[in-house]
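For reference, the structure discussed in these notes is given below.
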Amino acid sequence: MTTTFEPAGADPAAVPHYPMERAAGCPFDPPPGLRAQQREGPITRVRLWDGSTPWLVTRYADQRALMSDPRVSADVSRPGYPNVAPIPSGGPSGFSFITMDDPEHNRLRRMVTAPFAIRRVRAMRPAIQEIVDGLIDDMLAGPKPADLVEAFALPVPSLVICRLLGVPYDDHEFFQANSKILIRRSVAVERRDEARRALLGYLDDLMADKLARPGDDLLSGLGERVRAGELTRAEAARMGVLLLVAGHETTANMIALGTLALLRNPDQLALLRDADDPALVESAVEELLRYLTITHMGRRRVALADIEIGGQVIRAGDGIVLPNDLANRDPDAFPEPDRLDLRRGDARRHVAFGFGVHQCLGQPLARIELQVVYGTLYRRVPTLALATDLEKIPFKHDGAVYGVYELPVTW
């Protein structure tokens, strides 16, 4: 695939579309069109689905600088913001604090920070280990081949986030189905709006229950904020949707796609499978996060003032797209970036969780979950293998989170 990028100031109709297609046979790599632009220059214009032409920033250092620059806004309601897809009729409010700027962003975010603190999350490790071991037991006792997504990758984070939030796991089919619709850009905006409203209604009902009968969970903590007048019930429900969707979709895709990447790199899988050193497992998690970067639609921002970067001036009101999968494959930041190397010493510098004030709130929990999964699954199932050819695996090219729809495995 070859993409020609036009210089800034070109006729918008002549500016090429933001390249999304990954190359056949290279499902773990960023789209070739993005890689071509990274080689050609640090910043250029691209055209989105709505005809807008935001700036595409390709280099690791420039992306980190912009993600921590107060002159750059994450507010999806601002003119010039480069949306991934049409906004549902409910407007951007359905996305909660992740698409707000400070001070409102910080006010809402700090209300849910404590449950994701490293010390609190580390205390959850035994419970996560119990969940992982139980699901592996069930998978081994069942038929094979098995779909690793349904049998293991999706249930692990769903069970964990349900316990943390206080959401009944018995409702997992409902919230998983609607979550999948909500994050697929190829789904009609009306259908995504229905899914958003269904999830908001569900979380609002849960908040009503927590207000009446509080427990020891995150939603009950938000209920205390509602009773204190610090938060409206609608705001609490929106935050619940964000945490529920993000809390299981991202980690589930990392488990399945990470397993596939390891199966395609048997030397690296052997390192992890035979590891007795927790530090190697931690390193493997960071390298897989860097290598795969499943949030592959790019961080989206809009400039609040003129910013000079990469030899260009981004004007106030210009949209900015920061493809973090591309930053994590920047050879100036990571030597031999296309090689999966579980012993890579600097992998934790990746931007898979973003950077700056908007970096992922749940990253401590995601890291612990992945450490337990990657440190357990391949040791307990040492003969784990693909049960189909790579070209038959359905990849999620059309969503905000990259991964596989199913992963047939045997042992």
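Restricting to the stretch 304-321, give me the number of residues that are outside any loop (DSSP other than H, G, I, E, B) and surrounded by fewer than 24 Cβ atoms within 10 Å (Cβ to Cβ).
Counting residues in the stretch 304-321 that are outside any loop (DSSP other than H, G, I, E, B) and surrounded by fewer than 24 Cβ atoms within 10 Å (Cβ to Cβ) gives 7.
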Within the stretch 75-87, does at least one residue satisfy the condition of being touching a helix residue (DSSP H, G or I) at 6+ places or on another chain (Cβ under 8 Å) and part of a helix (DSSP H, G or I)?
no
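When the residues of the stretch 270-284 are narrowed to those that are assigned to a helix (DSSP H, G or I) and small (Gly, Ala, Ser), which ends up farthest from Gly345 (Cα to Cα)? Full working, then the answer.
First pass over the stretch 270-284, keeping only residues assigned to a helix (DSSP H, G or I): 270-273, 278-284.
Next, from what is left, pick out any that are small (Gly, Ala, Ser): 270, 279, 283-284.
Numbers: Ala270: 18, Ala279: 11, Ser283: 7, Ala284: 10 Å.
Among them, the one singled out is Ala270.
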Result of the Cβ filter at 8 Å on the stretch 189-203, keeping first residues that are in a helix (DSSP H, G or I) and partners that are among the hydroxyl-bearing types (Ser, Thr, Tyr) and buried (at least 16 other Cβ atoms within 10 Å of the Cβ), at least 6 apart or interchain, is Ala195/Ser179; Leu199/Ser179
Within the stretch 211-220, residues assigned to a helix (DSSP H, G or I) and either open to solvent by 30 Å² or more (accessible area, probe 1.4 Å) or free of Cβ contacts under 8 Å to residues at least 24 places away in the same chain (or both) come out as Leu211, Ala212
So, first residue farther than 18 Å from Pro155 by Cα in the stretch 112-127, second residue outside any helix (DSSP H, G or I) and of a type outside the set (Phe, Trp, Tyr), Cβ within less than 6 Å, six or more apart or across chains; the pairs are Phe116/Leu361; Phe116/Gly362
Counting only residues in the stretch 33-53 that are surrounded by fewer than 16 Cβ atoms within 10 Å (Cβ to Cβ) and part of a helix (DSSP H, G or I), the one nearest to the chain's Cα centre (by Cα) is identified as Arg39
Checked Ala188, Ala177, Ala141 against criteria (open to solvent by 30 Å² or more (accessible area, probe 1.4 Å) and at pLDDT below 90); the one match is Ala188
Screening Leu407, Leu365 for residues that are touching a helix residue (DSSP H, G or I) at 6+ places or on another chain (Cβ under 7 Å), within 14 Å of Thr251 (Cα to Cα) and open to solvent by less than 10 Å² (accessible area, probe 1.4 Å) leaves only Leu365
Checked against (1) buried (at least 20 other Cβ atoms within 10 Å of the Cβ); (2) at negative phi; (3) part of a helix (DSSP H, G or I), Arg107 satisfies every condition except (1)
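The values are calculated or read from the model by the stated rules, or taken from the named source; none is laboratory data. Only a predicted model underlies this, so the values are computations on that prediction, with no experimental measurement involved. In this analysis, Cβ positions are derived from the backbone assuming ideal geometry, glycine residues included, and neighbour counts consider all displayed protein chains. Quick note on the areas: whole protein, heavy atoms, side chains included, nothing else; ligands and nucleic acids left out. Shrake-Rupley method; radii C 1.70, N 1.55, O 1.52, S 1.80 Å.
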